[in-house]
Amino acid sequence: MKFNWVVAGTPDPEIKRACIDLEYRLRPKITKFLLSKLDSESCGDFSCFHFDVDFQKQWVWISTKTPEQYIELLKADFDREINGSPLFSVA
């Protein structure tokens, strides 16, 4: 699982720390979501999943770098289950 951080300009150390903290909170939530939606043979280690995280807008989406079949399978529930959470209270 890879995260691409969308941050305006050059992030300062405080923003970098907040991104790391947010990633540690996002990883288990996204992993649990993926496990609930996918069978055990679907990219088992989740290395094929990429997520874009807009820190200022406080939004996560499945990156187009993720294989299309997974995007189509997950997108309907992703926003509700991931973006509808209190993870972004650090901004």
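Bear in mind that the values in this text are calculations on the coordinates, not laboratory data. The structure displayed is predicted, hence computed values, not measured ones. We place every Cβ from the backbone using ideal geometry, glycine too, and count neighbours over all the protein chains shown.
Numbers for the structure displayed
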| item | result |
| --- | --- |
| Residue among Lys29, Lys37, Lys16, Lys2 that alone is more than 21 Å from Glu72 (Cα to Cα) and of a type in the set (Lys, Arg) | Lys16 |
| Residues of the range 17-47 classified as under 20 Å from Asn83 (Cα atoms), touching a residue at least 12 places away in the same chain (Cβ under 8 Å) and of a type outside the set (A, V, I, L, M, F, W, C), total | 7 |
| Matching residues, the range 1-38, being in contact with a His (Cβ under 9 Å, 6 or more places away or on another chain) and loosely packed, with under 14 Cβ neighbours inside 10 Å | Lys2, Asn4 |
| Hey, Phe55 within 24 Å of Leu73 (Cβ to Cβ) and either surrounded by 12 or more Cβ atoms within 10 Å (Cβ to Cβ) or small (Gly, Ala, Ser) (or both) or not | no |
